[in-house]
Protein chains: 4
Amino acid sequence: MSQTSYALLTEQEETTSTMKALVFYGPGQIGLETVPIPRPRAGEAVIRVTLTTICGTDLHILRGEYPVKPGLIIGHEPVGIIHELGEGITGYEVGDRVLVGAITPCGQCNSCLGGNWSQCGGPLGGWKFGNTINGAQAEYLLVPHAQANLAKIPDELADEQVVLLGDIASTGISAAESADLEIGDTVAVFAQGPIGLCATAGAKLKGASLIIAVESDPVRTEMSKRMGADVVLDFTKEDVVESIKHLTRGRGVDVAIEALGTQATFENALSVLRPGGTLSSLGVYSGKLSVPVEPFAAGLGDHKIVTTLCPGGKERMRRLMELVRHGRLDLTPLLTHSFALDRINEAYQVFAERSNGVIKVAIRP
Amino acid sequence: MSQTSYALLTEQEETTSTMKALVFYGPGQIGLETVPIPRPRAGEAVIRVTLTTICGTDLHILRGEYPVKPGLIIGHEPVGIIHELGEGITGYEVGDRVLVGAITPCGQCNSCLGGNWSQCGGPLGGWKFGNTINGAQAEYLLVPHAQANLAKIPDELADEQVVLLGDIASTGISAAESADLEIGDTVAVFAQGPIGLCATAGAKLKGASLIIAVESDPVRTEMSKRMGADVVLDFTKEDVVESIKHLTRGRGVDVAIEALGTQATFENALSVLRPGGTLSSLGVYSGKLSVPVEPFAAGLGDHKIVTTLCPGGKERMRRLMELVRHGRLDLTPLLTHSFALDRINEAYQVFAERSNGVIKVAIRP
Amino acid sequence: MSQTSYALLTEQEETTSTMKALVFYGPGQIGLETVPIPRPRAGEAVIRVTLTTICGTDLHILRGEYPVKPGLIIGHEPVGIIHELGEGITGYEVGDRVLVGAITPCGQCNSCLGGNWSQCGGPLGGWKFGNTINGAQAEYLLVPHAQANLAKIPDELADEQVVLLGDIASTGISAAESADLEIGDTVAVFAQGPIGLCATAGAKLKGASLIIAVESDPVRTEMSKRMGADVVLDFTKEDVVESIKHLTRGRGVDVAIEALGTQATFENALSVLRPGGTLSSLGVYSGKLSVPVEPFAAGLGDHKIVTTLCPGGKERMRRLMELVRHGRLDLTPLLTHSFALDRINEAYQVFAERSNGVIKVAIRP
Amino acid sequence: MSQTSYALLTEQEETTSTMKALVFYGPGQIGLETVPIPRPRAGEAVIRVTLTTICGTDLHILRGEYPVKPGLIIGHEPVGIIHELGEGITGYEVGDRVLVGAITPCGQCNSCLGGNWSQCGGPLGGWKFGNTINGAQAEYLLVPHAQANLAKIPDELADEQVVLLGDIASTGISAAESADLEIGDTVAVFAQGPIGLCATAGAKLKGASLIIAVESDPVRTEMSKRMGADVVLDFTKEDVVESIKHLTRGRGVDVAIEALGTQATFENALSVLRPGGTLSSLGVYSGKLSVPVEPFAAGLGDHKIVTTLCPGGKERMRRLMELVRHGRLDLTPLLTHSFALDRINEAYQVFAERSNGVIKVAIRP
């Protein structure tokens, strides 16, 4: 269906078949456009987005640090209402309110059937929204493999309570999960951005005894304590490796979580790890990453380094929503700002500059 | 050894070399005796007990349901101060305040070196105190394999904060651990006695979303909520299997914890389990135990049934104390009553009859 | 549906649109019928079956011990060639030779996305062929969720090399997998029918040191050694529990595999287990199953009991075929007999009576 | 300690109280000396060494690449006969033939009781022989924590069949174990020195389907096939990363094992890994180690990197010996050369120069 096919539509009809969406034109260039509302094929669905947000990854895209195709609608954290269902989708109705994860596995390829849902179809293949297909910063969103990815939202939960589950909570919490964090473990979490804050919440959820966060920003430091950190160390004011060793009585931590993606945080995470401990890495690294040999015990320390790409799929979303529903997790304090979709450019600016104590911004189409 | 055998000791000698201890004579018969203070051989230590408690297992022993040798001092939950150290123990000093687990693995047999510490040396072999060697309901206690079992208590923790860690907390929390409970799992805990209450706390600690406890006693029901239960079902007033299915929207629970040791609770635990779920059993069963074939899906339900004997050893104790130290676990509300060792008979009576809302009793030598 | 209902079709039409299939009419009654070749809807495929077999479960169905709907085509172990592809299936072409597992998960429901593929959509829901939908003892077979279940067969492998992977190998091998069998473990496998023989092969594959099988039939005893058993004990001639304890020097086995589904084998499996060991159960139980309390150490033995329903899906099939391709697994000796589909009644008789040393029968449509 | 210090001993005394041992004087300097036979304290044992070998690590020590204290007797792979038992050791008798692992955990410290036996007491603390205490290239050897480390050798096994289990087999096999290699996984093993060859054997033992080894030495290439490799790639003749991708049909391997400790092999191992795969590292690295960001998928590939120091303790040794006893593992082909202790200098030279197709050398005191 071409864009010209709507030329003869009346204004009324146009209202119902086009939508506003944030389009990436190239590094540094994004803009709201009016584009056709997508139509679902077999196995797909289209949702009307009611709430979404901006991710650090979107900033990377905007800055040209992560390449996506010009013309793409970006964003990957949707909450919405089912607008249209493609053939073969069962158990859903138009009008159902749903959460869709940032990662949308097909469930049917060899990777998925081997339990590697995030790597659906190949490296990073589970991440489709705003990466390889149009994304969520729009009024409507086509959801691929909808049967596997539409998670109904329990009535008692508001959009704001679940919108952060699709990416940052699923990613952040996975740090403790991938590390097989055990009850009573001590944990250090390096960086308390949105994902690091969720990693802190995840370490608390999974039974850590002492949680040490590392952060210098005062707003995030405060939020870190709210999410479960017992101590927050300011790396601009102290040698955090020394401080963590002191706090753990020389033992080192059982689990170190890297939530930034820099050489310094990776190196510090490794340096505070006890023999046999696990470095759980969530950061996105660029350039060369060095493993310092001494903290790595030259490869003889029985260390593990695990990386995790955000787990997705509707079952993951269901489980995360259950945590919210039963009061185990409340991420609404992280939604510090709210913008209408029309003002998304402003939202990007605030988010990028970290002005006004922003952590996450709500975007309302 | 009779109570009169020390009659000829001078008062001075008695003060320094004898102690009071609760001795099991045979089913239904226990009594405080004055016996020699034990002396440590190489690898052993003797502690002066400052706080201990009575366990449900002690009642089983008293009732003749679990056989131990007449003449044995019973009890297996000691907190104390190091009184004397045998040869070869390093890193400890007389006067150190320590917690010793109910299970005291040697650390050096094939079972221990294979990670089966509770089955040290053979079936149930880790459980020595008040079972195969003299126990903790006494003024002094000989600790075998002391290097592996003396856990120093951090200064900031009172005896009362740690005494329940040695058995009921270690056992109760292990239910969620052995089940590999994952963040977001729903859990049902059958029976809220001391161990069931700790199992509830453990499920909360490990990240359960919805925790459903089953109990009829009002004191324990109240305590269950305090330990983390979202809902407590009274099996005398409702069909708990139906209620749990309803609460989980027909799904069944991911993990069912059996904390009593009866056919009925085992069967209910299996009946509320989702396909692929895990029944984590802590109860001590007597007689025949039946697996109802339908809830067991005739063996095709991908179910797991796991049993756990209380994990012990000083590292386990250290980790549990860290949970208390960082405010993750507070079991002091369970210590509802306190008795001097001289009044331990009365304590047994109160504990056995569950009178006055008793949950656990503190015994102070 | 009667055999005469297609009498009026012209010969031409019959050639192209009907097929022969084994239909279950009721307990004790099966018969070959001419029925329409199925047509795939979106997401489905139809394969022309080139090789299939009869499973012990089919005998249960025939005997009325496992209820299925009269009129159903039974059988669940197909190898075939893609005949027709429904809409939305990608990466396959008509003519591709494929193996389809006995269990055909959708990959997109909450169970599947939680990793419980065999329990797709609900208890036992992954098992569809010859259970809830028409099965494989026919000339053509409709494959549901085809994208997730069509596993292409490498050119170098013959149908006979892979036909047993779909059910008995996947099930049998899963015993060691579900038990987390470790390199060096000792294993006892109770019963050496087709699944038990594959369990023996699986224990060998996963690194067991000593494998003790239990079987009395001489043909199966011989085959057991070929599949990897070091010792085969005849339960009609010796006390196998005693013998296994002797062979393990009193230690008991690390893993006991139950591959029959009777009280006696379950009980023996539990009785030979070391403390901390795992009973991996593959059998289908009927009636009440008792857990003998003494070998179960009254619930204090740190035992695990795990059950597994045959793992399915195309990735599982791919992995199993890789084992065959690289010479790690050869199950062709188990295919002792071969029959044309026309003679399937005879095949059922031979298989049911275990005559002529039959283990598995090849059925060729 | 000089060689002359015992000059005044009578011949009788010398026979009974002194021994020959290989002493490290400093980089490049080792020599056989006559020194006192050690005497065991409580918890220790002394064995008369009947067979030992030289490890690559000993070469690192000799070259000054791994620092140990001058005056130390080196070597850490002993087989011997119990000569004297210290107080408190039970279940052993003088004259028992035993294998002792290279790593000798105490079993009683927090690390050991947490399951980190190799890191006993602190980083690398399990490795004592020829590192922090006198080692095995001597006529007699003091074994610390003897209760945990003396593994009786079954009568049917010769010294030559077990001597390589203590270090290279335990280390090599651990690669597949630490990677949680699953039945059907494809594996690449980088370098086929003694440890790499054992890693190949371990991958086979644990059920790998396709095993690709990388090696250029023709003797080791041949041995690699004998140990289980399906294909051996010569990195001097082809681009092994490309070849491995081709052999796995573009998929990459499930598990890549690094068995050398260089940047190139580490990088190649990461480069051939599928998304979600595990790099199991055995090598000892020096200097900086870089993680190439592209194969690492910038940290988003769900990769794991696990390192393992040789597992020790008598239970590990028992299990490895069971593998040999039941014909699952035969490392005797790796013992290519044999020298009397008197000729150990020559043995070092042959081993260091890899002359005459040497893989491992037997040293007989």
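Annotations for the structure displayed:
- Search result, residues across the stretch A:186-210 that are within 21 Å of A:Asp167 (Cβ to Cβ), outside any loop (DSSP other than H, G, I, E, B) and in contact (Cβ under 8 Å) with a residue 60 or more places away in the chain: A:Val189, A:Phe190, A:Pro194, A:Ile195, A:Gly196, A:Leu197, A:Cys198, A:Ala199, A:Ala201, A:Leu205
- Count - residues of the stretch B:37-59 that are in contact with a helix residue (DSSP H, G or I) (Cβ under 6 Å, 6 or more places away or on another chain) and outside any loop (DSSP other than H, G, I, E, B): 4
- Here A:Gly75 does not qualify as in a strand (DSSP E or B), small (Gly, Ala, Ser), away from chain D (no Cβ under 14 Å) and under 18 Å from the mean Cα position of the chain (by Cα).
- Residue match in the stretch A:238-247 (condition: surrounded by fewer than 18 Cβ atoms within 10 Å (Cβ to Cβ) and under 21 Å from the mean Cα position of the chain (by Cα)): no
- Qualifying helices (runs of 4 or more DSSP H) (wholly inside the stretch D:82-165; at least 2 residues being among the hydrophobic types (A, V, I, L, M, F, W, C) and within 12 Å of another protein chain (Cβ to nearest Cβ)): D:110-113, D:146-149
- Some residue of the stretch C:341-360 being part of a loop (DSSP other than H, G, I, E, B), touching a helix residue (DSSP H, G or I) at 6+ places or on another chain (Cβ under 8 Å) and assigned by TED's automatic domain parsing to the domain that holds C:Asp159: yes
- Filter result for C:Ala213 (in contact (Cβ under 8 Å) with a residue 24 or more places away in the chain, closer than 23 Å to C:Lys360 by Cβ, crowded, with 24+ Cβ neighbours inside 10 Å and at the interface with chain D (Cβ under 8 Å from one of its Cβ atoms)): no
- Here D:Glu258 meets each of (1) modelled with pLDDT of 95 or more; (2) facing chain A (nearest Cβ under 9 Å); (3) farther than 28 Å from A:Trp117 by Cα with one exception, condition (3).
- Within the stretch D:188-204, if we keep just the residues that are within 11 Å of chain C (Cβ to nearest Cβ) and surrounded by 24 or more Cβ atoms within 10 Å (Cβ to Cβ), the residue that is farthest from C:Glu177 (Cα to Cα) turns out to be D:Ala201.
- Residue match in the stretch B:315-336 (condition: surrounded by fewer than 21 Cβ atoms within 10 Å (Cβ to Cβ), outside the structural domain of B:Gln119 (by TED's automatic domain parsing) and in contact with a Phe, Trp or Tyr (Cβ under 7 Å, 6 or more places away or on another chain)): no
- Condition check for D:Val232: surrounded by fewer than 24 Cβ atoms within 10 Å (Cβ to Cβ), of a type in the set (Val, Ile, Thr), over 22 Å from C:Met321 (Cβ atoms) and touching a strand residue (DSSP E or B) at 6+ places or on another chain (Cβ under 8 Å): yes
- Residue count for the stretch A:15-36, restricted to those that are assigned to a loop (DSSP other than H, G, I, E, B) and over 26 Å from A:Thr336 (Cβ atoms): 1
- For the condition within 14 Å of chain C (Cβ to nearest Cβ), under 25 Å from A:Val291 (Cβ atoms) and part of a strand (DSSP E or B), D:Val306 does not qualify.
- Single residue of the stretch B:279-289 satisfying the filter (at the interface with another protein chain (Cβ under 9 Å from one of its Cβ atoms) and among the polar types (S, T, N, Q)) that is surrounded by the most Cβ atoms within 10 Å (Cβ to Cβ): B:Ser281
- Candidate set from the stretch C:166-184 (those that are assigned to a loop (DSSP other than H, G, I, E, B) and buried (at least 24 other Cβ atoms within 10 Å of the Cβ)); member that is nearest to the other protein chains (Cβ to nearest Cβ): C:Gly184
For every residue, the table says whether it meets (1) touching a residue at least 40 places away in the same chain (Cβ under 8 Å); (2) out of contact with any strand residue (DSSP E or B) (no Cβ under 8 Å at 6 or more places or on another chain).
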residue	(1), (2)
A:Ala45	yes, no
A:Leu72	yes, no
A:Pro105	yes, yes
A:Leu113	no, yes
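- Test: residue in the stretch A:291-299 that is in a helix (DSSP H, G or I) and not small (Gly, Ala, Ser): no
- Matching residues in the stretch D:104-126 - criterion: being surrounded by fewer than 24 Cβ atoms within 10 Å (Cβ to Cβ) and in contact with a Ser or Thr (Cβ under 8 Å, 6 or more places away or on another chain): D:Gly121, D:Gly122, D:Leu124, D:Gly125
- Being crowded, with 18+ Cβ neighbours inside 10 Å, closer than 30 Å to D:Pro311 by Cβ and modelled with pLDDT of 95 or more is a description that does not apply to D:Gly95.
- Residue within the stretch A:4-16 that is assigned by TED's automatic domain parsing to the domain that holds A:Glu65, at pLDDT 50 or above and surrounded by fewer than 19 Cβ atoms within 10 Å (Cβ to Cβ) present: yes
- Hey, C:Gly71 on the phi > 0 side of the Ramachandran plot, surrounded by fewer than 24 Cβ atoms within 10 Å (Cβ to Cβ) and of a type outside the set (Val, Ile, Thr) or not: yes
- Flag for A:Thr248 being modelled with pLDDT of 95 or more, out of contact with any strand residue (DSSP E or B) (no Cβ under 6 Å at 6 or more places or on another chain) and farther than 21 Å from D:Pro311 by Cα: yes
- So D:Ser338, is it more than 10 Å from every other protein chain (Cβ to nearest Cβ) and more than 30 Å from B:Gly115 (Cα to Cα): yes
- Matching residues, the stretch C:211-220, being assigned to a loop (DSSP other than H, G, I, E, B) and either among the small types (Gly, Ala, Ser) or out of contact with any strand residue (DSSP E or B) (no Cβ under 7 Å at 6 or more places or on another chain) (or both): C:Ser216, C:Asp217
Per-residue answers, yes or no, for (1) touching a Gly at 6+ places or on another chain (Cβ under 9 Å); (2) not β-branched (Val, Ile, Thr):
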| position | (1), (2) |
| --- | --- |
| A:Lys204 | yes, yes |
| A:Ala208 | yes, yes |
| A:Ala213 | yes, yes |
| A:Ala229 | no, yes |
| A:Leu233 | no, yes |
| A:Leu247 | no, yes |
| A:Val255 | yes, no |
| A:Ala259 | yes, yes |
| A:Ala269 | no, yes |
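- Selection status of A:Thr200, within 21 Å of A:Ile244 (Cβ to Cβ) and of a type in the set (Val, Ile, Thr): yes
- Residue under evaluation C:Ala269, criteria (1) within 9 Å of chain B (Cβ to nearest Cβ); (2) within 26 Å of the chain's Cα centre (by Cα), criterion not met: (1)
The values are calculated or read from the model by the stated rules, or taken from the named source; none is laboratory data. Everything numeric here is computed off the predicted structure, so don't read it as measured data. All Cβ positions, glycine included, derive from the backbone under ideal geometry; neighbour counts span all protein chains shown.
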